Amino acid sequence: MHLDQIKNITVIGLGTMGPGLAQAFALAGFRVTGFDANPQMPAQAKKIFQANLDSLVEFGELEAEAARAAGTRLDFAESLAEAVGKADLVVETVSEKRDIKRQVYAQIAEHLPQGSLLWSNTSTLNIYDLLPEALIPRSIISHWFAPPHIIPLVEVVKDPRVEQATVDTTLALLEVLGKKAIVIEKFVPGFVINRIQRLLGYEIFFLLENGYISPEDLDLAVKASIAPRMMLLGLVQRYDFTGLELSARNLQDQEFFDPPLDHHPAPLFSRVEEGKLGVKSGEGFYDYRGRELSDILRDRDRYLMRIIKNLDFCIQKDRLV
């Protein structure tokens, strides 16, 4: 299927990512149909969808008329068959459980029109092991990041059995949506960003558990040093500015030592056991009690958009070359 043939989008799964994915397509002018096996989810998704649009208008990022028009482009189906049967593209974002995804893919395969595409928003799984064989050539991993209506990056993960036309149409559509796509040539568990974040996590929890630094000072250290530098140089080009010989020496320096690969770090798991799960429970490493979750998320989105306004300047490939 070519880009100009895609008009109708179906989003399967209306939990954490679904409403934001639907919003991205609706704002770009596509008709969007949502479906969730839980009959209570469409109403919740519609509420989040509208709240996100209202926030964009409030922040001055979107005209009120554009928000109103986007709101008219979203509806919901009562069955997966209904949702998939009229789709040019299905975006799957159901629970990260293999059995659930396998069942959903089998149902999609029964009803997806010939030539229509399937994207999976999985963040870790190899969907190509779960898909019906006949569906693989027109399916691809398209991993977005929360909040998906704001964060530009999408990881596109290929498989040798996926048709090049599927890859090309996917990349063209993501460009229409204003996203910054990277292509991962073959599957690796966790893809790229989650692998990097996982590795950072080992060091973060090592430093916290051993009392080297507080959560607040660790966050301040990152925000005031490597975070702005990463915005401009990323991770790899930074080595060119450090000097490759110094970087090589640092990797061999025995004064540094790698943290143990602790899969049960106390600073994290003790909080989980206490029910301190982060913003959704009111406490995590920080205390959010006394504030509404919707207000916290709206403030996060506002500040993220202020930062992302400078992103195009930072990511131009020839900026420092």
Where nothing but the Cβ of Lys and Arg (+1) and of Asp and Glu (-1) is charged, how large is the charge dipole of the range 1-121 around its Cα centre, in debye to the nearest 20? 260
Name the long-range amide H neighbours of Lys180: under 5 Å, sequence gap of 5 or more, or other chain; modelled H, no Pro or chain starts. Leu153, Val154
Percent of alpha-carbon pairs separated by more than 29 Å within the chain: 45
To the nearest 20 debye, the chain has a Cα-centred charge dipole, built from +1 on Lys and Arg Cβ and -1 on Asp and Glu Cβ, of 480
So how far apart, in nm, are the two label points at Ile296 and Arg161 if each is 7 Å from Cα heading toward Cβ? 4.2
Kirkwood calc, the range 153-262, C-alpha pairs only, radius in angstrom 17.2
Determine, for Val32, Val162, the number of other Cβ atoms within 10 Å of each Cβ, and report the residues in order from fewest to most. Val162, Val32
Let me see the pair-distance distribution of the range 164-229: every alpha carbon pair, 5 Å bin width, integer percents in order. 3, 13, 14, 16, 14, 12, 10, 9, 5, 2, 0
Report relative contact order for the range 38-174 in percent, whole number only (criteria: Cα-Cα under 8 Å, sequence separation at least 6). 16
How large is the Kirkwood hydrodynamic radius of the range 34-100, counting all unique pairs of alpha carbons, in Å? 13.7
Points 7 angstrom from Cα along the Cβ direction at Asp253 and Asp219: gap in nanometres? 2.8
To the nearest 500 deg cm²/dmol, what mean residue ellipticity at 222 nm is calculated for the chain from DSSP H runs of n ≥ 4 alone, each contributing -39,500 (n - 2.57), summed and divided by the residues? -13500 deg cm²/dmol
Footprinting proxy, His111, His264, His2: sorted fewest to most Cβ within 10 Å, the residues are His264, His2, His111
Starting from the Kirkwood Rh over alpha-carbon pairs, what translational D in µm² s⁻¹ does the range 90-170 have by Stokes-Einstein at 37 °C and 0.692 mPa s? 255
For the range 176-321, what does the relative contact order come out to in percent, with C-alpha contacts under 8 Å and a separation of six or more? 23
The chain: relative contact order from alpha carbon pairs under 8 Å, six or more residues apart, as a whole percent, is 13
Spin-label pair Thr16/Glu78, simplified geometry with 7 Å Cα→Cβ offset, distance in nm: 3.2
Neighbours of Arg161 by Cβ distance under 12 Å: Lys/Arg at +1, Asp/Glu at -1, summed charge -1
Please give the length that would be gained between Phe285 and Leu304 if that part of the chain were fully extended, namely 0.36 nm times their separation in residues minus their C-alpha to C-alpha distance (nm, one decimal). 4.8 nm
Please arrange Tyr303, Tyr105, Tyr128 by counting, for each residue, the other beta carbons lying within 10 Å of its beta carbon, fewest first. Tyr303, Tyr128, Tyr105
FRET efficiency, Ile100 to Val192 (Cβ-Cβ, R0 30 Å, nearest 0.05): 0.75
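We did not get these values from a lab; they are worked out from the coordinates using the rules stated. Because the structure is predicted, anything quoted here is derived from the model rather than measured. Glycine gets a Cβ as well: all are built from the backbone with ideal geometry, and neighbour counts include every protein chain shown.
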